[in-house]
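Chemist: Take a look at this one; I'll ask things after.
Every read-out reported here was derived from the displayed coordinates using simple, explicitly stated rules and does not represent laboratory data. Note that the coordinates shown come from a computational prediction; the quantities given were computed from them, not determined experimentally. Ideal geometry is used to build each Cβ from the backbone, glycine not excepted, and the neighbour counts take in all protein chains shown.
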Amino acid sequence: MNGQTYADVLTDRYGVGPEGTLNDFISRRDARLLLADQIDLNAMVARYGAPLEVAYCPQITLQVERMLGWAAEARARSGYAGEFLYAYATKANFAEEVVRTAISAGAHYETSAAADVVIAQRLWRQGVLPSDRYIFCNGSKDAAYIAAIVALRTAGFTRVVPVLDDMEELEALLAACDLPLLLGVRERHDPGDVDVRHPGGERFGLTPVEIERVVERLRQTPHQLVMYHAMVGSQIEDAAHWNTRLARSAGAYARLRQAAPSLALFNFGGGMPTSAYSLGFDFDYTGFLQRLMQTLAATCVAHEVPQPGLVGEFGRYTVAAHNVFILEVGRVKHGQDRAPDWLLLNGSLMVSLPDSLIVPGQEFIILPLDGWDRPARQVRLGGRATCDSDDFFPRPGSQPLFLPAPYEGQMIAVFGVGAYQQMIAGRGGAHHCLTPEMRRIIIERDEDALVVREIEPQSLGQIMGLLGYADVMLELPAQRPTRVPVERRTTRDSQRPARPARRRGAARIPQQARYGASARS
Ligand SMILES: *Cc1c(COP(=O)(O)O)cnc(C)c1O
């Protein structure tokens, strides 16, 4: 790599230039790194400092709309008769603005837990979630989860679909609910299909024999089996393998449909991959859906059953790309014996990117905000906010990471962090080595304007309070704020309450080519 600039390294590796589009949500223009070709990250960090989290909700809308477009194209190409339903799997990110944005873009709702049903019911009552959307309830259901589902149904929401994960669940639901229910069954993985690197998926669902028993059990009841659920995995980039697995499930669906005429939906679950983790990502979404629709159509013809509505539950795909962390190199330690240097960042990688520890081979797109014409060097990132020897990235076996030298004061953007990272890290909690949560900038769209909210970083006092040391705070020296104060820009509309974020501290900004440039305000 000697002599190569950072831009050269990226071009060699991914075929992208230093200017223009880097992937479907990152671009670089006039030496500034942009999220969604809209949010100027260099300007954001100049305005707010680092560490900084930027959540750009309009990207979520775009993700939903793109998928609906690809599905419509796949349907046109395959002549598929069933409709396509996009559900947001909320466990990827439960933040209120995230869930509300996905629903507003047309998504149905997929739940994973009792509290999730409570959120869905609240959104329905508020009018955010329309009555004609489905709420698919997955996962093993304890008494609280069953009670939340029954409460939602009893309150008058008819399109809640508990997806049975065991036979006891069915009995518990039938005992608790007098009103007719729509039900789903989830297919249990065949032992021969279990991926040794991700064996956890095997615990879900029902065997074919159990599914037959469900059909029998429902015969003399007012309840209807409407959905067959066949989830294969997560971030599945091998479309051919995925299609092969789903072809088998399509056969199982069609045979079940012959015995259960109320069946009307085939759900392929999560697994839709996101472009958010690697600039080298390549997946033909339309091609995948077209092939699946062709398979389903042919299978249904062969079994003389109608083509079902096709449901996808999109977690990662919906939200991974909308969120970015920006961290600053606070100290450099040279590697020994020609090993790459350590860049110690003003945050924690294990707190902010827990999947880097949990998911084998998990990558993130990490780009410097400046210095693309400077010489590239291989580096290792360390989280300075902890003293943990596991707080580093890239992990063993991952792609080597290059950044431009010299490194002091370098600002680094970590993309693709909008799915799972904050939920697994425990947003708002007390973290490893008491690493405080970063300042968070939440950007939403309201018609022709962007609404910007700023959430202060977690204070030492908040963390101490969470741990039961509330009184200790009195003895701690006052913290000096680190942020750069900048005038907020407001517009003619600022008197009118902004719909997405009618909260104190929200600024309304007319939408223009880019947002974030303090120089232009
Ligand atoms: C987690 C989960 C999803 C979402 O998976 P992604 O791979 O993030 O899209 C969808 N359906 C079910 C049942 C899940 O458990």
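Chemist: Report relative contact order for region 45-473 in percent, whole number only (criteria: Cα-Cα under 8 Å, sequence separation at least 6).
Modeler: Result for region 45-473 is 19 percent.
Chemist: I would also like to ask the following. Which percent, to the nearest 5, of DSSP beta bridges fully inside region 45-473 are antiparallel?
Modeler: Around 40 percent antiparallel, to the nearest 5.
Chemist: Could you order the peptides 283-295, 420-432 from most to least packed, using the average number of other C-beta atoms within 10 Å per residue?
Modeler: Averaged packing, sorted descending, gives the order 283-295, 420-432.
Chemist: Okay, next question. How many nm is it between the label spots at residue 196 and residue 301, if each spot is 7 Å from the Cα in line with the beta carbon?
Modeler: 4.1
Chemist: What's the Cα-based Rg to Rh of region 111-214, Rh via Kirkwood?
Modeler: 1.01
Chemist: Here is a follow-up. Which of 430, 55, 158 sits farthest toward the positive end of the charge dipole of region 45-473, with +1 on the Cβ of Lys and Arg and -1 on the Cβ of Asp and Glu?
Modeler: 158
Chemist: Can you pull the one-decimal nm distance between simple spin-label points at residue 423 and residue 454, each 7 Å off the Cα toward Cβ?
Modeler: About 3.0 nm, to one decimal.
Chemist: Could I ask something else about it? Expected output is a single nm value to one decimal: the length gained when fully extending between residue 337 and residue 126, i.e. 0.36 nm times separation in residues minus the C-alpha distance. What is it?
Modeler: 69.8 nm
Chemist: Mind listing which GluC sites (Glu not before Pro) in region 12-86 are in a DSSP loop and have 16 or fewer other Cβ atoms within 10 Å?
Modeler: Hits after loop and neighbour filter: 19, 83.
Chemist: When the Cα atoms of region 329-455 are enclosed in a convex hull and the volume is divided per residue, what value in Å³ results?
Modeler: 133
Chemist: Tell me, what is a quarter of the convex hull surface for the C-alpha atoms of region 78-171, in nm² with one decimal?
Modeler: 7.0
Chemist: How big is region 47-90 along each principal axis, measuring the range of its Cα positions in Å and listing the largest first?
Modeler: 52, 20, 11
Chemist: Quote to one decimal, in nm, the extra length available between residue 142 and residue 219 on full extension: 0.36 nm per residue of separation minus the C-alpha distance between them.
Modeler: Contour length minus Cα-Cα distance gives 25.3 nm.
Chemist: Now, a different point. Any idea what diffusion coefficient the chain gets from Stokes-Einstein, in µm²/s, Kirkwood Rh on alpha carbon pairs, 10 °C, 1.306 mPa s?
Modeler: Translational D for this selection: 64 µm²/s.
Chemist: Would you mind checking which residues have amide H under 5 Å from residue 39's amide H? H placed 1.01 Å from N; only 5 or more apart, or other chain.
Modeler: Under 5 Å from the amide H of residue 39: 515.
Chemist: Sort 161-171, 449-459 by the packing proxy (mean of other Cβ within 10 Å over each peptide's residues), most packed first.
Modeler: The packing order, highest mean first, is 161-171, 449-459.
Chemist: Sorting check: for 103-109, 268-274, which peptide has the highest mean count of neighbouring beta carbons within 10 Å, and how do the rest follow?
Modeler: 268-274, 103-109
Chemist: Shifting gears a bit: Mind pulling up the Rg/Rh value for region 207-364? Radius of gyration and Kirkwood radius, both on Cα.
Modeler: Value, to two decimals: 1.17.
Chemist: Divide by every residue of the chain the summed helix terms, -39500 (n - 2.57) for each DSSP H run of at least 4, and state the resulting mean residue ellipticity at 222 nm, rounded to the nearest 500 deg cm²/dmol.
Modeler: Result for the chain, helices only: -9000 deg cm²/dmol.
Chemist: Can I ask one more? Can you give me the angle between helix 239-259 and the longest principal axis of the chain, using Cα atoms only, in degrees from 0 to 90, rounded to the nearest 10?
Modeler: The helix 239-259 is inclined about 30 degrees to the chain.
Chemist: Can you give the net charge of the other residues whose Cβ lies under 15 Å from the Cβ of residue 8, counting K and R as +1 and D and E as -1?
Modeler: Combined, the nearby Lys, Arg, Asp and Glu give +1.
Chemist: Separate question: Only bridges with both residues in region 315-388 count here: give the DSSP antiparallel percent, nearest 5.
Modeler: 45
Chemist: Still on this structure, I have one more. Show me the GluC sites (Glu not before Pro) within region 321-410 that DSSP assigns to loop and that have at most 13 other Cβ atoms within 10 Å of their Cβ.
Modeler: 408
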